[in-house]
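Notes for the one structure printed next.
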Amino acid sequence: TGTLTLLGIETSCDETAAAVVRRHRDGRGEILADRVLSQIAEHAPYGGVVPEIAARAHVEHLDGLIAGAMADAGLTFGALDGVAATAGPGLIGGLLVGLTTAKAIALVHDKPLLAVNHLEGHALTPRLTEGLAFPYLLLLVSGGHTQLLVVEDVGSYRRLGTTIDDALGEAFDKTAKLLGLGYPGGPAVERLAAAGDPHRFAFPRPMTGRDGADFSFSGLKTAVRRAAQAVGTPDERDAADICASFQAAVGDCLRDRLGHAMAAFRAAHPRAPSPTLVVAGGVAANRALRAMLETMARENGFALSMPPIRLCTDNAAMIAWAGAERLARGEADDLTVAARARWPL
Ligand code: KG4
Ligand code: ZN
């Protein structure tokens, strides 16, 4: 295949995003434009994402973001080789806004449409950023996802583990909300945890010691709530100790589950000389967890790769890129393709 240039659209949650990405003949990726508009301010008063507010904000801002991205790239729609949009999983109202817009552009300009799985976008990002070869192990931890995947090939993903209840970022956000730290909570919990005593509260480590690589965080959330109630009105010291104890429990859970996933990866790919662990998602911004992951990768003979934070949180460049990888294989979707709130990889 020759060089492919795609417009990508992402509207599955609370980021409205448009990007233009080029896949060169040799498989190298290049980002020509990458615009993201966060709706954090609109949702912050509610302590979480409100689907109806999100869908309306996507409608209001998407056209402008697409025009901006095309201008940044210096291209007209006619110069594109395809249009990619997230078709799921996510909030259905937002997905409909992005996918319908992509269909309209594809129809009017007679371009192939790529209906992309959002998780596939995350999974293929290290190929855009550093041309990583298959297979690799991916830990995706954000407000919406908690997944351990073996990325075997484009369209070929083996899920080793997922959460059976809350996502990890959600657990950070709920802990923050309980302590009145605002939304999103991850950065605030991390800041307080750095000054706290991780041994003061003996929080549970759900799923550790069990087979497999699934996660569970709702029991931890309940334990945090009980601890907060037990101390009455947590002062700064109590809050810091709760955050530190919570983060230590999270670290232990990740270490245990990742250990199993690394063993499963090695068993499936015994000949991979230097396997790579890719860590992506908003929670990967956490310095304490990053340090733990670095140690663990080193001890287990895995190279560690973390895409730049801007590209491992939600964005449209990863959607355009996933579309480009599929288009390069001759794939495209019909204009009748539907958005899907649930869509496991
Ligand atoms: O990937 P992301 O920006 O959006 C999606 O959820 O898709 O991830 C946001 C999540 C939020 O739950 C936020 O609290 C969490 O990532 N997060 C963190 C940190 N920064 C963001 N969690 C822990 N420590 C952080 N420093
Ligand atoms: Zn995401």
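Could you check segment 146-163 and list, in sequence order, the residues that are under 25 Å from residue 33 (Cβ atoms) and within 15 Å of ligand 1 (Cβ to nearest atom)? Matches in segment 146-163: none. In segment 10-23, the residues that are more than 8 Å from ligand 2 (Cβ to nearest atom) reach residues that are of a type in the set (Ser, Thr, Tyr) and outside any strand (DSSP E or B) with C-beta atoms within less than 9 angstrom, at least six apart or across chains, in these pairs: 11/101; 15/313; 17/11; 22/3; 23/1; 23/3. Within segment 61-79, the set of residues being free of Cβ contacts under 8 Å to residues at least 40 places away in the same chain and under 12 Å from residue 17 (Cα atoms) comprises 63, 64, 67.
Being modelled with pLDDT of 95 or more, buried (at least 24 other Cβ atoms within 10 Å of the Cβ) and among the small types (Gly, Ala, Ser) is true of residue 85.
Here residue 137 fulfils each of the conditions (1) more than 15 Å from ligand 2 (Cβ to nearest atom); (2) in the same structural domain as residue 229 (by TED's automatic domain parsing) apart from (2).
Remark: pairs (first residue in segment 287-304, farther than 23 Å from residue 273 by Cα; second residue of a type outside the set (Val, Ile, Thr) and in a loop (DSSP other than H, G, I, E, B); Cβ separation under 7 Å; 6+ apart in sequence or on different chains) are absent. In segment 1-62, counting only strands (runs of 3 or more DSSP E) that sit wholly within it, the ones holding 3 or more residues that are modelled with pLDDT of 95 or more and touching a Ser or Thr at 6+ places or on another chain (Cβ under 8 Å) span 15-23, 29-38.
Considering only residues of segment 270-294 that are assigned to a strand (DSSP E or B) and within 12 Å of ligand 1 (Cβ to nearest atom), which is modelled with the highest pLDDT? Break it down into steps so the answer makes sense when it comes.
As a first pass, look at segment 270-294 and keep what is assigned to a strand (DSSP E or B): 276-280.
If we keep only those that are within 12 Å of ligand 1 (Cβ to nearest atom) too, we end up with 279-280.
Details: 279: 95, 280: 90.
Per the criteria, the residue is 279.
Considering 134, 172, which residue is more than 13 Å from ligand 1 (Cβ to nearest atom) and either in contact with a Gly (Cβ under 9 Å, 6 or more places away or on another chain) or not in a helix (DSSP H, G or I) (or both)? Result of the check over 134, 172: 134.
Mind listing whichever residues of segment 96-121 are within 15 Å of residue 18 (Cα to Cα) and either modelled with pLDDT under 95 or under 16 Å from the mean Cα position of the chain (by Cα) (or both)? Passing the criteria: 116, 118, 121.
Residue count for segment 303-324 satisfying the condition of being at pLDDT 95 or above and buried (at least 24 other Cβ atoms within 10 Å of the Cβ): 10.
Conditions (1) of a type in the set (Lys, Arg); (2) free of Cβ contacts under 8 Å to residues at least 40 places away in the same chain; (3) in a loop (DSSP other than H, G, I, E, B); (4) in contact with an Asp or Glu (Cβ under 9 Å, 6 or more places away or on another chain), marked per residue:
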| site | (1), (2), (3), (4) |
| --- | --- |
| 143 | no, no, yes, yes |
| 152 | no, yes, no, no |
| 177 | yes, no, no, no |
| 202 | no, no, yes, no |
| 212 | no, no, yes, no |
| 221 | yes, no, no, yes |
| 229 | no, yes, no, no |
| 232 | no, yes, yes, yes |
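Residues in segment 117-134 that are more than 12 Å from ligand 2 (Cβ to nearest atom) and under 17 Å from residue 317 (Cα atoms): how many?
Start the filter on segment 117-134 by keeping residues that are more than 12 Å from ligand 2 (Cβ to nearest atom), which leaves 124, 126-134.
From the residues that got through so far, the ones that are under 17 Å from residue 317 (Cα atoms) too are 124, 126-132.
Qualifying residue count for the region: 8.
Residues that are aromatic (Phe, Trp, Tyr) and more than 21 Å from residue 288 (Cβ to Cβ): does segment 156-174 have at least one? Scanning segment 156-174, I find at least one residue that is aromatic (Phe, Trp, Tyr) and more than 21 Å from residue 288 (Cβ to Cβ), so the answer is yes.
Taking the condition of being acidic (Asp, Glu) and crowded, with 16+ Cβ neighbours inside 10 Å, how many residues in segment 225-251 meet it? Before you say what the answer is, go through the steps one by one.
Filtering segment 225-251 for residues acidic (Asp, Glu) gives 235-236, 238, 241.
Now restrict to residues that are crowded, with 16+ Cβ neighbours inside 10 Å: 238, 241.
Matching residues across segment 225-251 total 2.
Taking residue 196 and the conditions (1) farther than 21 Å from residue 146 by Cα; (2) free of Cβ contacts under 8 Å to residues at least 40 places away in the same chain, which numbered condition does it fall short on, given that it satisfies the others? Exception for residue 196: condition (2). Considering segment 141-170, and only residues there that are small (Gly, Ala, Ser) and within 16 Å of ligand 2 (Cβ to nearest atom), the residue that is nearest to residue 234 (Cα to Cα) turns out to be 169.
The values are calculated or read from the model by the stated rules, or taken from the named source; none is laboratory data. Note that this is a predicted model, so its numbers are computed, not measured. Neighbour counts are summed over all protein chains in view; Cβ atoms, including those assigned to glycine, are modelled from backbone coordinates with ideal geometry.
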